[in-house]
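Enquirer: Let me give you the structure first, and then I'll get to my questions.
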Amino acid sequence: MRVMNTLCASLTALSIALSLSGCHAPALPKDTTLAIPNRFNATSSASTTAQLRQDWWVEFNDTTLNSLVHQALGNNPNIAASADRLSAAMAQTAQAHADRLPQLSLSPQASRRKASTATDKPWKVSSNGHESALSSSGLSLDTQPYATDWQAPLQLSWEVDLWGKLKASENVAGAQAEASQEDLRSARLSLVASVAQSYIQLRADQASAQLLSKQQAVQQALFENSQASQSAGITDLTAATQAQMALFALNNQQQAMSLHISDDIHTLEVLCGLMPGSLAGLRSSQHWPLNLPQTPASLPASVLKQRPDIRRDTDQLNAARAQVKVARADFFPSLNLTTSLGTESSSLSSLLSSGSLLWSLGARISQPLFDGGRLQANYQAATAQFEEAAHNYQAAVIQALSDVDKGLTALQISKTSSETATKLVTTSAQLTAQQQARFSAGMGTQDAVNQARLSEYQQQSALVTSQTAALQAWLTLRQALGE
């Protein structure tokens with residue numbers, strides 16, 4: 001105990017003395033923060049009670065979409081890779097924590113060695129024709145040059161975290177693990193948004209294809225009527241040619257729409273991690289229009305704190321801040337304590353005897369005196385990385401605010417456009433009904449009815465486009481708000 005007290009007192013005094021040499025260590029940089037405003041620019045007020053559900057895709061009220069999202073989250077290989085990176089980051093955090101703890105090891109060992117007989121010995125005597133060295137206690141009885149050594153040491157080492165370097169290193173690893181967690185959340189959000197976007201486009205393309213089929217049928221009737229009028233000499237070739245060109249254009253649009261539908265299904269298969277052809281059944285199913293989810297009238301800008309990219313940049317900023325502390329701690333001395341307890345013997349039978357016991361206590365303090373500017377350069381690099389992380393965080397906040405404002409504006413415009421398109425569809429349907437009534441009363445023609453019906457289908461196609469834009473705008477806004 002007296003030995004330990006003396007050792008501790010000496011180490012304490014030495015640590016104080018050496019710590020004075022670390023006074024030239026630079027100060028930590030100041031934090032650079034960017035306050036998030038209370039509300040978005042596109043909203044008139046800020047609500048403090050608005051809640052956003054995490055499984056937001058169910059607000060489309062589509063069981064098929066829910067199933068596709070579930071498959072994508074379970075099968076997509078990119079999500080699995082992000083989860084693996086998270087596991088590796090968590091393991092590195094555990095490793096950094098272990099570095100702060102004492103390290104205990106048992107190292108049994110055995111050795112057999114032969115001493116050289118070709119070297120001169122200080123004193124020599126002869127005994128039975130053999131030479132042996134003269135020791136301080138008399139003649140050596142061991143005249144063989146071979147020796148065996150058995151050891152069973154138990155060693156304990158511990159680096160005392162005087163300046164918080166190891167703690168800061170653990171904080172670096174922990175913040176990077178949290179950043180990996182946010183990368184996983186970001187990948188999930190992006191995947192679900194991609195699935196929803198592709199599904200919306202698929203259903204919109206299918207609705208457009210149905211309307212194109214109806215337009216083809218009407219245009220075919222117009223073409224046939226124009227041919228009949230031309231044959232009867234009522235009209236010239238111009239009307240029939242125009243009707244035929246319009247029919248060809250619709251046929252080309254239908255072929256292109258069929259290709260779009262195939263591409264939409266293939267995209268969903270890739271996103272869901274499925275083999276080609278697994279979702280072929282989607283081609284025969286129809287569901288339009290999809291439900292447009294409601295958006296709170298006002299949103300607090302603080303909801304941006306749940307965006308994965310902002311949370312990741314916050315974690316990166318914390319990691320960079322901790323790394324600066326690690327670099328600064330290198331200017332101060334480090335203290336390592338070591339102890340060893342075990343046995344040593346030249347024979348295995350006496351390895352556990354009381355006389356074979358050995359122990360040692362040690363301490364080492366290391367203080368850099370001259371390193372050619374390495375520590376200063378390392379600290380400057382860590383500081384620059386911290387400032388870079390701070391600027392990245394600022395850029396992420398500004399971009400997030402811009403994304404939400406643009407999303408809110410686009411959603412409002414697309415909803416207005418959809419309302420206008422709905423009114424035009426109603427008006428065109430009324431015109432079709434009027435032309436049908438006139439034809440039934442003998443005051444109109446079938447071509448007039450077909451032209452009115454064709455215009456009605458075109459307005460319905462425009463409505464599908466407007467509804468698709470509104471759904472996509474809501475999806476973009478929801479993705480901008482975060483998971």
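Enquirer: Could you compute the FRET efficiency for E59 and Q155, with r as their C-beta to C-beta distance and R0 at 41 Å, rounded to 0.05?
Expert: 0.10
Enquirer: Here is a further query. Taking the C-alpha atoms of region 350-483, how large are the radius of gyration and the largest Cα-Cα span, Dmax, in Å?
Expert: Spelled out, the Cα radius of gyration and Dmax of region 350-483 are 37.8, 127 Å.
Enquirer: Obtain the nm distance between the two label points defined at Q254 and Q220 by a simple spin-label model: each point lies 7 Å from its Cα along the Cα-to-C-beta direction.
Expert: 0.6
Enquirer: Once the Cβ-Cβ distance between Q436 and A232 is put in as r, and R0 is 22 Å, what FRET efficiency do you end up with, to the nearest 0.05?
Expert: 0.35
Enquirer: Still on this structure: Starting from the Cα-Cα distance between H70 and Q451, subtract it from 0.36 nm times their residue separation and give me the gain in nm to one decimal.
Expert: Here the answer is 132.6 nm.
Enquirer: To the nearest 10 Å², what's I365's accessible area with a 1.4 Å probe?
Expert: 40
Enquirer: Set the Förster radius R0 to 51 Å, insert the Cβ-Cβ distance between S262 and D99 as r into 1/(1 + (r/R0)^6), and round the FRET efficiency to 0.05.
Expert: 0.40
Enquirer: Right, here's the next one. Heads up, I need the accessible area for R85: 1.4 angstrom probe, whole protein in place, Å², nearest 10.
Expert: 140
Enquirer: Heavy atoms only, probe 1.4 angstrom, no DNA, RNA or ligands counted: give me H287, H70, H391 ranked by accessible area, highest first.
Expert: H70, H391, H287
Enquirer: Any idea what the dipole of region 335-448 comes to, in debye rounded to 20, about its Cα centre with Lys/Arg Cβ at +1 and Asp/Glu Cβ at -1?
Expert: Around 320 debye, computed over region 335-448.
Enquirer: A further question on this structure: Just add up the charged neighbours of Q244: K/R +1, D/E -1, any other residue whose Cβ is under 14 Å from the Cβ of Q244.
Expert: -2
Enquirer: Take peptides 472-482, 247-257 and line them up by average Cβ neighbours within 10 Å, highest first, as a rough protection proxy.
Expert: 472-482, 247-257
Enquirer: Provide the per-residue ³J(HN,Hα) series for region 243-254, in order, calculated from phi with Karplus coefficients 6.51, -1.76, 1.60 and θ = phi - 60°, each as a whole number of Hz, with x at glycine and proline positions.
Expert: Calculated HN-Hα couplings, in order: 5, 5, 5, 5, 5, 4, 5, 5, 4, 5, 4, 5 Hz.
Enquirer: Working with all protein chains in place, sort K423, K325 by solvent-accessible area computed with a 1.4 Å probe, largest first.
Expert: Of K423, K325, the descending order of accessible area is K423, K325.
Enquirer: For region 246-353, just run the numbers: alpha carbon Rg, then divide by 2.2 N^0.38 Å, N being how many residues it has.
Expert: Ratio of Rg to 2.2 N^0.38 Å for region 246-353: 2.58.
Enquirer: I need the phi-derived Karplus couplings for region 399-408: 6.51 cos²θ - 1.76 cosθ + 1.60, θ = phi - 60°, integer Hz, Gly and Pro marked x.
Expert: 5, 5, 4, 5, 4, 5, 4, 5, x, 5
Enquirer: Follow-up. Stretch S107-A381 to full length: gain in nm at 0.36 nm per residue minus the Cα-Cα span?
Expert: Between S107 and A381, full extension yields an extra 94.7 nm.
Enquirer: Assign one of three labels to region 369-408, namely rounded, prolate or oblate, based on the Cα gyration tensor with a ≥ b ≥ c the square roots of its eigenvalues; rounded applies when a/c is under 1.5, prolate when it is not and a/b is larger than b/c, and oblate otherwise.
Expert: prolate
Enquirer: Run the dipole for region 136-247 about the Cα centre, Lys and Arg Cβ at +1, Asp and Glu Cβ at -1, nothing else charged, and hand back the magnitude in debye, nearest 20.
Expert: Here the size comes out at about 620 debye.
The values are calculated or read from the model by the stated rules, or taken from the named source; none is laboratory data. It should be emphasised that the depicted structure is a prediction, and the values quoted were computed from it without experimental measurement. Cβ: placed from backbone, ideal geometry, glycine included. Neighbour counts: every protein chain shown. For accessibility, only protein heavy atoms count, side chains too; no ligands or nucleic acids. Shrake-Rupley method; radii C 1.70, N 1.55, O 1.52, S 1.80 Å.
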